[in-house]
Amino acid sequence: MSVRQIEQFRELLQRAVADGTLGKLTLGKYRGADASLRNVFVRPVTLKAGPHLSFVWRHATRDVTKNLPPAEALATIDGLIGADFLDAHLFTGPLTAQLECQSDGAARLKVINAAPIGAPDHAAAGEHDQARQHPIPADAPWLRALGVTNDRGQPREGMAAKFRQIQKFTELLGHLIAEAKLPADRSLHVVDMGCGKGYLTFAVAHLLGARAEVRGIERRPDLVEKCNAIAQGHGFANLQFSVGEIASVPAGPVDILIALHACDTATDDALAQGLRAGATLLVVAPCCQKELRPQLTAPPVLADALRHGIFQERQAEFITDALRAELLEWSGCRTKVFEFVSTEHTAKNLMIAAIRRDPRGDPVRADAIRALATFYGIRHHRLATLLDFPLSV
């Protein structure tokens, strides 16, 4: 056995763990007794108990996750390198190192400076999505289980836009959570209303880790069953999915309420649920706004323009979301409205984020809301009704 090369690799790994530059460690070319085991992936995580290393044992049909404190983790890795696994790839901020061991005891170590942290093993030059550092690692096992990425940590065919959406949402949510100044002395309660296939629900659970309890609400039992199975199989102790309708499932207690692409007035149902449950942060991406279009009465100055159906549709979407934002402000929130992702990824790209500041609300804003509704002939708005806000007096 070429002890010198292996010891040098171990020293590089220990140094990366100690100085916080570890991006990822991959162990490959398995030759142990478990015929189903393929690889082991190791990355740093921060838990309530402090810094740990998260191990993902990738088998042919399942992944097993285990978090270990640094000293125990390094001892475990020492026993695997050159024994059960012949290859080891280390990615850190300053460098990347590749150790190749042979069954006859020979070993070769290759070190390259300035490697990107967390770069996937199979990233090729020019593959922008794979070379950049993402909030969610491209090789996260749950991404593969949900069908977003393949075994090499690359987006599957037709899933590149979804992969970018997951990364962008996670980045935005991280900033919003920091701005909301949520409690740090207890677990946060997060509810994702109408979570669908759970892509972004898993991203939230991954982002917050042990800091939060995340619950996904979805009306389709088959999706709930599948998501729960993936969550359990990948060590998400903080994540659970339940069957239910947005309008009828109690949300509280809630710190963060999420509803992405909930159709028509389901977005309003989710916002009202979050406000009633005392959520500090509400994040929604509205979809299919149909309620207001039949009510839309063109003001004289816009009558000629709004005879075109496409302009009517866009105006209805605008006034629906504008009233939502204003009603949230009236309810005591500070509201932001912005583009979620580029329109090349999805046409439903508007996001409304609201941070609760004053539970007493803002009665001064009431007149402005009614004036806006009157200008467009709007008499009914689902969120206004749920908040007991009369659009006319």
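The values are calculated or read from the model by the stated rules, or taken from the named source; none is laboratory data. None of these values were measured; they are calculated from a predicted model. Methodologically, a virtual Cβ is constructed for each residue, glycine included, from the backbone with ideal geometry; neighbour enumeration extends over all protein chains shown.
Structure notes:
- Positions within segment 134-193 being of a type in the set (A, V, I, L, M), touching a residue at least 60 places away in the same chain (Cβ under 8 Å) and out of contact with any Leu (no Cβ under 8 Å at 6 or more places or on another chain), in sequence order: 140, 145, 146, 161, 172
- Residue match in segment 334-344 (condition: hydroxyl-bearing (Ser, Thr, Tyr), at pLDDT below 90, more than 26 Å from the chain's Cα centre (by Cα) and surrounded by fewer than 16 Cβ atoms within 10 Å (Cβ to Cβ)): no
- Residue within segment 162-175 that is in contact with a helix residue (DSSP H, G or I) (Cβ under 7 Å, 6 or more places away or on another chain), part of a strand (DSSP E or B) and charged (D, E, K, R) present: no
- Total residues in segment 216-239, condition under 15 Å from the mean Cα position of the chain (by Cα), buried (at least 23 other Cβ atoms within 10 Å of the Cβ) and not in a helix (DSSP H, G or I): 2
- Complete set of residues in segment 196-218 that are touching a Ser or Thr at 6+ places or on another chain (Cβ under 6 Å) and in contact (Cβ under 8 Å) with a residue 60 or more places away in the chain: 203, 207
- Count - residues of segment 33-83 that are on the phi < 0 side of the Ramachandran plot, part of a loop (DSSP other than H, G, I, E, B) and in contact with a helix residue (DSSP H, G or I) (Cβ under 9 Å, 6 or more places away or on another chain): 3
- Selection status of residue 290, assigned to a helix (DSSP H, G or I) and surrounded by fewer than 23 Cβ atoms within 10 Å (Cβ to Cβ): no
- Per-region count, segment 221-241, residues of a type in the set (Lys, Arg) and at pLDDT below 95: 0
Rundown of residues vs (1) acidic (Asp, Glu); (2) at pLDDT 90 or above; (3) outside the structural domain of residue 223 (by TED's automatic domain parsing); (4) not in a loop (DSSP other than H, G, I, E, B), yes/no style:
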site	(1), (2), (3), (4)
125	no, no, yes, no
135	no, no, yes, no
185	yes, no, no, no
191	no, yes, no, yes
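- Output for segment 89-102, where each listed residue is within 29 Å of the chain's Cα centre (by Cα) and either part of a strand (DSSP E or B) or of a type in the set (Ser, Thr, Tyr) (or both): 89, 90, 91, 92, 95, 96
- Matching residues in segment 131-173 - criterion: being out of contact with any strand residue (DSSP E or B) (no Cβ under 7 Å at 6 or more places or on another chain) and aromatic (Phe, Trp, Tyr): 142, 169
- Criterion (of a type outside the set (S, T, N, Q) and out of contact with any strand residue (DSSP E or B) (no Cβ under 8 Å at 6 or more places or on another chain)) met by exactly one of 16, 49: 49
- Considering 221, 253, the condition of being in contact (Cβ under 8 Å) with a residue 24 or more places away in the chain, over 27 Å from residue 164 (Cβ atoms) and either touching a strand residue (DSSP E or B) at 6+ places or on another chain (Cβ under 7 Å) or not assigned by TED's automatic domain parsing to the domain that holds residue 171 (or both) is satisfied by 253 alone.
- Qualifying positions in segment 363-384 - surrounded by fewer than 17 Cβ atoms within 10 Å (Cβ to Cβ) and in a loop (DSSP other than H, G, I, E, B): 377, 379, 380
Here's the yes/no breakdown for (1) modelled with pLDDT of 90 or more; (2) of a type outside the set (Gly, Ala, Ser):
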| position | (1), (2) |
| --- | --- |
| 211 | no, yes |
| 214 | yes, yes |
| 245 | no, yes |
| 258 | yes, yes |
| 283 | yes, yes |
| 287 | no, yes |
| 303 | no, no |
| 313 | no, yes |
